[in-house]
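Novice: Structure incoming, see below.
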Amino acid sequence: MAHHKSAIKRIKQNAKKNARNRHISSTLKTYIKRVREAVEAKDKEAAVAALKAAIPVIDATASKGVIHSSNASRNVSRLTKLVNTLG
């Protein structure tokens, strides 16, 4: 266990950030999953709606530093490509 005041504070900060990052990351995965499930069900309207909902979440996740901006771009690109295969 930490003995210095600054080390104790750092542990608290890390725990708080970890909880926030886990929540944001989990939410992101849920939105991506919704798009993929709509595509698997071959439901074009639901897939487009899910994609429109997912893109801002992906961008917000990147802006908060939970994922890298390139990772966000890649996710958006792949999901858009996937939705467009429905025609």
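The values are calculated or read from the model by the stated rules, or taken from the named source; none is laboratory data. Keep in mind it's a predicted model, so treat the numbers as computed, not measured. Please note: Cβ atoms are built from the backbone with ideal geometry, for glycine as well, and neighbour counts cover all protein chains shown. For accessibility, only protein heavy atoms count, side chains too; no ligands or nucleic acids. Shrake-Rupley method; radii C 1.70, N 1.55, O 1.52, S 1.80 Å.
Novice: Once the dipole of the chain is set up with Lys and Arg at +1 and Asp and Glu at -1 on Cβ about the Cα centre, which of Asn21, Ala7, Ala49 lies farthest towards its positive end?
Specialist: The residue sitting most towards the positive pole is Ala7.
Novice: Kindly report the accessible area of the chain per residue (heavy atoms of protein chains, probe 1.4 Å, no ligands, DNA or RNA), in Å².
Specialist: 73
Novice: For a quick size check, give me the Cα extents of the chain along its three principal axes, largest first, whole Å.
Specialist: Ordered largest first, the chain gives principal extents of 61, 21, 15 Å.
Novice: Which links in Lys29/Lys64; Lys17/Lys64; Lys42/Lys81; Lys16/Lys64; Lys16/Lys52 stretch past 18 Å when you go from one Cα to the other? Could the numbers behind the result be given before it?
Specialist: Numbers: Lys29/Lys64 15 Å; Lys17/Lys64 11 Å; Lys42/Lys81 14 Å; Lys16/Lys64 14 Å; Lys16/Lys52 30 Å.
Flagged as over cut-off: Lys16/Lys52.
Novice: Using the Karplus equation 6.51 cos²θ - 1.76 cosθ + 1.60 (θ = phi - 60°), what ³J(HN,Hα) coupling, rounded to whole Hz, does each residue of segment 19-35 give in order, writing x for Gly and Pro?
Specialist: Rounded to whole hertz, the list is 5, 5, 5, 4, 5, 5, 5, 5, 4, 4, 4, 5, 5, 5, 4, 4, 5.
Novice: If you line up the long axis of helix 69-84 against the longest principal axis of the chain, both from Cα atoms, how many degrees apart are they, to the nearest 10?
Specialist: Helix 69-84 sits roughly 20 degrees off the main axis of the chain.
Novice: Let me have the relative contact order for the chain, percent, based on Cα pairs under 8 Å that are six or more residues apart.
Specialist: Working: 59 pairs, mean separation 24.0, N = 87.
The normalised contact order for the chain reaches 28 percent.
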